[in-house]
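First the structure, in the form of structure tokens, and then the observations on it.
The values are calculated or read from the model by the stated rules, or taken from the named source; none is laboratory data. Owing to the predicted nature of the structure, the values given are computational and were not obtained by experimental measurement. So basically every Cβ, Gly included, is an ideal-geometry build from the backbone, and we count neighbours across all protein chains shown. SASA here: full protein model, heavy atoms, side chains in, ligands and nucleic acids out. Shrake-Rupley method; radii C 1.70, N 1.55, O 1.52, S 1.80 Å.
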Amino acid sequence: MLLERFATEANIFVPESALKWNQTEPQPGQFDFVEGDSIAAYAARKQMVVHGHTLVWYAAIPQWVSQLTSEQEAKAALERHIAVEVSRYRGKIWAWDVVNEPIEPDDDLENSYRNSVWLRSLGPNYIDLSFRLARAADQRVPLGLSEYGIEYATRTSRRRRQALLTLLQKLRDQNTPIDCLALQSHLDAGQVLDHVELTSFLRDVVKLGYRLLITELDVNDVKIRGTDRERDAAVARHLDEYLDIVFSVQRPMSIATWGLSDRSTWLREFYKRADGSPLRPLPLDADLNRKPMWAVLARYMAQ
Ligand code: G3I
């Protein structure tokens with residue numbers, strides 16, 4: 001069974017949806033932790049830790065949150081939500097993705113901030129505020145900012161790296177209580193990793209005093225031609241190149257994939273291969289056999 005396989009293959013459990021705002025506080029002040037608690041209990045039974053994903057995001061929010069406009073109401077909502085959720089899981093979370101995906105250069109806003117209910121109601125300071133609230137609710141848990149789309153030799157990745165570094169520098173200058181950068185690592189085996197620029201970006205991040213985590217790893221093979229074997233080899237090679245870059249800068253605190261088996265991946269809904277065959281982006285295939293990607297992960301984790 002897939003769930004049992006998680007426990008034999010991994011020691012971090014990442015709820016893909018259960019800790020998001022639309023699940024945990026669907027109505028103002030009415031919290032629902034049924035799924036989150038059951039994941040936490042399962043993880044504890046299996047001696048796994050739980051990664052906290054995620055407190056403050058532009059998406060997966062209930063309607064009442066998306067309709068918040070006044071600064072006062074938005075602040076009160078943020079204060080209650082973070083205090084209740086972080087306190088509930090105090091001592092049970094490996095690290096929190098406190099603010100998720102705050103950058104979107106294509107939104108054309110100052111400093112490439114993403115347009116969100118939080119930015120509109122509270123301004124860019126919502127980021128600092130969220131971390132302060134999380135720190136107040138749990139003094140020990142590592143607090144992270146999570147972002148994607150920074151790996152490649154493309155204009156998009158370059159703009160995102162620049163914006164993210166500027167933001168991380170600003171948060172340091174403000175003494176925001178933030179510990180780590182969560183590299184989502186939704187990779188694309190059809191693109192070219194920017195060895196030089198990605199390495200220097202990560203070095204700059206580490207110089208600012210941040211730890212690194214890899215939190216949503218998968219390797220999209222939508223553009224890779226060939227047999228399953230050839231595709232799996234290309235995915236493994238791409239991951240090897242990526243981990244080589246990250247590990248050359250700092251060993252990440254943890255590596256988590258976004259799913260375990262090709263049987264179930266969010267990518268399937270968004271990317272369709274020209275030959276119609278299912279994507280193969282995760283460490284186990286659809287029959288739960290280990291793929292070359294699994295071996296690459298095992299090799300780096302043994303370092
Ligand atoms: O739980 C309901 C179910 O009751 C209902 O019948 C069904 C019908 O649509 O929807 C189910 O909810 C879905 C949920 O996943 C649980 O499977 C939502 O519609 C769907 O929007 C949601 O998608 C998730 C998405 O985040 C939004 O929360 C994806 O599974 C999840 O992989 C994706 O994850 C994000 C990370 O949080 C942030 N980084 C990018 C990553 C991929 O997009």
Compute the long axis of helix 155-173 from its Cα atoms, compare it with the longest principal axis of the Cα atoms of the chain, and write down the angle in degrees, 0 to 90, nearest 10.
-> 40
With the contact rule set at Cα under 8 Å and sequence spacing of 6 or more, what percent relative contact order holds for the chain?
-> 12
Among Val56, Val84, Val99, whose mean-square fluctuation peaks in a Gaussian network model of the chain (Cα, cutoff 10 Å)?
-> Val84
Considering lysine pairs in the chain that are 8 or more places apart or on different chains, how many have Cα atoms under 26 Å apart?
-> 11
Return the carbon/sulfur percentage of the accessible area of the chain, one whole number, probe 1.4 Å, all protein chains in place.
-> 48
Extension length gain for Gln250 and Val222 (0.36 nm per residue less Cα distance), in nm, is 7.1 nm
The chain: longest segment with zero exposed trypsin sites (Lys or Arg not before Pro), where exposed means DSSP loop plus at most 14 other C-beta atoms within 10 Å, is residues 1-89
Thr154, Thr176, Thr166, reordered so the largest accessible area comes first (probe 1.4 Å) = Thr166, Thr154, Thr176
Cα gyration tensor category, rounded, prolate or oblate, for the range 148-303 with a/c compared to 1.5 | prolate
Classify the range 47-118: rounded, prolate or oblate, from the alpha-carbon gyration tensor (a ≥ b ≥ c, eigenvalue square roots; a/c under 1.5 rounded; otherwise prolate if a/b is larger than b/c)?
-> oblate
Where the centre of each part is set by its Cα atoms, how far does the range 1-29 sit from the range 231-303, in angstrom?
-> 20
Ignoring ligands and nucleic acids, Phe131 exposes an accessible area, probe 1.4 Å, in Å² to the nearest 10, of 0
Ignoring ligands and nucleic acids, Ile245 exposes an accessible area, probe 1.4 Å, in Å² to the nearest 10, of 10
Selected from Val219, Ala233, Thr156, residue furthest toward positive end of dipole (the chain; charges at beta carbon) | Ala233
Total charge dipole magnitude, the chain, about the Cα centre, Cβ charges on Lys, Arg, Asp, Glu only, Debye to nearest 20 | 600
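May I ask you to derive the FRET efficiency for Thr166 and Phe31 from their Cβ-Cβ distance with R0 = 45 Å, giving the value to the nearest 0.05?
Between Thr166 and Phe31 the formula returns 0.80.
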Computed [θ] at 222 nm, helices only, for the chain once each DSSP H run of length n ≥ 4 contributes -39500 (n - 2.57) | -13000 deg cm²/dmol
